[in-house]
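**Q** Before I ask anything, here is the structure I am working with.
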Amino acid sequence: ANLDNLSLEDAERLLSGDAFCGNDSSSSSGGGGGSRNPRPLAAVIDLRNSDEIQKGQKVRTEGAKYFYSQLLQNDGDIDIDATSNAGGPRLIHIPILRDVDAFWEEAIGRMEPSERIAATLATAFRGGAFDRAAARNLERGGPVSLYTVMMATAARPIGMALEACVEESSQKGDGGGGGPVIFHCQKGKDRTGVVAMLLQSCMGQGDDEIVEAYRLSGELLGGEDATAASGGSDSDKSAGGMIDWSHFRGSPPSAMIDTLQWVRDRYGSIYAYLDAASFDEEQRMALRKAV
């Protein structure tokens with residue numbers, strides 16, 4: 001999910017790097033695990049749009065406020081925090097869904113011709129009828145529709161997120177720098193899930209591993225996301241009443257299986273999509289080396 005509801009304990013574990021150590025009962029370190037000398041957090045990559053971030057700021061826990069106060073802002077779109085620690089991890093804002101117009105143009109283009117004609121006619125009598133028809137069509141497609149529209153219209157921002165993962169996790173020439181990187185969106189399974197799928201592909205993981213990791217997302221989030229998407233209610237609609245987000249609940253394996261297949265059908269391979277996102281083989285090799 002996002003980091004606006006962190007406890008103080010979790011904030012400290014993330015910043016120190018203890019949270020990234022594997023469980024190891026023989027270890028005496030407070031963070032458990034795989035290393036007695038964990039590397040501290042290098043960066044946080046926020047994939048949300050500016051309005052989502054601003055809403056989150058208003059409800060941050062004390063732990064989250066402390067966490068963000070330790071991050072060094074990048075020169076991105078918005079001033080995410082008023083103060084930051086110049087020596088701390090970097091906070092990088094890469095909004096995957098920045099180009100909302102392109103997203104909806106792609107969604108509209110996937111409507112059946114008869115649906116587009118009917119929506120166009122309805123617009124003459126009811127304002128916004130076309131947009132609502134496009135939203136209903138997106139909802140019917142469920143998560144796979146959301147992911148593939150996103151990937152078709154946000155290849156470059158996705159590539160930038162991958163580049164940031166490489167840059168921030170890599171050791172510098174003087175032996176310094178590098179460390180764990182957190183990337184997240186609002187829910188922690190959709191935009192995050194797409195970026196994670198591409199990173200896993202770069203690392204040579206197969207479809208089974210990718211699908212299983214995605215499946216666990218909803219289970220780990222719990223609540224309504226612990227089960228597959230279901231019919232919606234008014235309370236699940238977006239602020240503008242356009243999309244009923246209940247249609248995108250959960251992380252059903254079929255959503256990632258179908259997304260992987262869509263990428264291969266449209267681009268030929270996962271690597272060809274990464275090339276289109278300007279994340280080429282040289283950068284992929286750098287990622288493998290960093291990790």
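**Q** Return the residue satisfying two criteria in turn: it lies in segment 243-285 and is assigned to a helix (DSSP H, G or I) and at pLDDT below 95, and of such residues it is nearest to the chain's Cα centre (by Cα).
**A** Phe248
Here is a yes/no grid of residues against (1) farther than 30 Å from Gln70 by Cα; (2) in a loop (DSSP other than H, G, I, E, B); (3) under 24 Å from the mean Cα position of the chain (by Cα); (4) at pLDDT below 90:
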| site | (1), (2), (3), (4) |
| --- | --- |
| Ala122 | yes, no, no, yes |
| Asp131 | yes, no, no, yes |
| Ala135 | yes, no, yes, yes |
| Gly141 | yes, no, yes, no |
| Arg156 | no, no, yes, no |
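**Q** Looking only at segment 240-280, which residues are open to solvent by less than 70 Å² (accessible area, probe 1.4 Å) and free of Cβ contacts under 8 Å to residues at least 12 places away in the same chain?
**A** Gly241, Tyr267, Gly268, Ser269, Ala272, Asp280
**Q** For segment 210-230, what are the residues that are open to solvent by less than 40 Å² (accessible area, probe 1.4 Å), at pLDDT below 95 and within 17 Å of the chain's Cα centre (by Cα)?
**A** Within segment 210-230, Ser217, Gly218, Asp225 qualify.
**Q** Quick check on my filter: what residues within segment 176-209 are open to solvent by 40 Å² or more (accessible area, probe 1.4 Å) and modelled with pLDDT under 95?
**A** Let us first name the residues in segment 176-209 that are open to solvent by 40 Å² or more (accessible area, probe 1.4 Å), namely 177, 183, 186-187, 203-205, 207-209.
Gly177, Gln186, Lys187 - these are the residues of segment 176-209 that are open to solvent by 40 Å² or more (accessible area, probe 1.4 Å) and modelled with pLDDT under 95.
**Q** Name the residues in segment 158-175 that are modelled with pLDDT of 95 or more and either open to solvent by 40 Å² or more (accessible area, probe 1.4 Å) or assigned to a loop (DSSP other than H, G, I, E, B) (or both), would you?
**A** Met160, Glu163
Residue-wise test of (1) modelled with pLDDT of 95 or more; (2) of a type in the set (Phe, Trp, Tyr); (3) in contact with a Lys or Arg (Cβ under 8 Å, 6 or more places away or on another chain); (4) in a loop (DSSP other than H, G, I, E, B).
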site: Ala11; (1), (2), (3), (4): yes, no, no, no
site: Ser27; (1), (2), (3), (4): no, no, yes, yes
site: Gly34; (1), (2), (3), (4): no, no, no, yes
site: Pro38; (1), (2), (3), (4): no, no, no, yes
site: Val44; (1), (2), (3), (4): yes, no, yes, no
site: Ala64; (1), (2), (3), (4): yes, no, no, no
site: Phe67; (1), (2), (3), (4): yes, yes, no, no
site: Ser84; (1), (2), (3), (4): no, no, no, yes
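**Q** Additional query: For the structure I just gave you, tell me whether Ala102 is at pLDDT 90 or above, in a helix (DSSP H, G or I) and surrounded by fewer than 18 Cβ atoms within 10 Å (Cβ to Cβ).
**A** yes
The values are calculated or read from the model by the stated rules, or taken from the named source; none is laboratory data. Computed from a prediction, not measured in an experiment: that's the story for all the values here. All Cβ positions, even for glycine, are placed from backbone atoms using ideal geometry, and neighbour counts span all protein chains on display. Note: areas computed on protein heavy atoms with side chains; ligands, DNA, RNA excluded. Shrake-Rupley method; radii C 1.70, N 1.55, O 1.52, S 1.80 Å.
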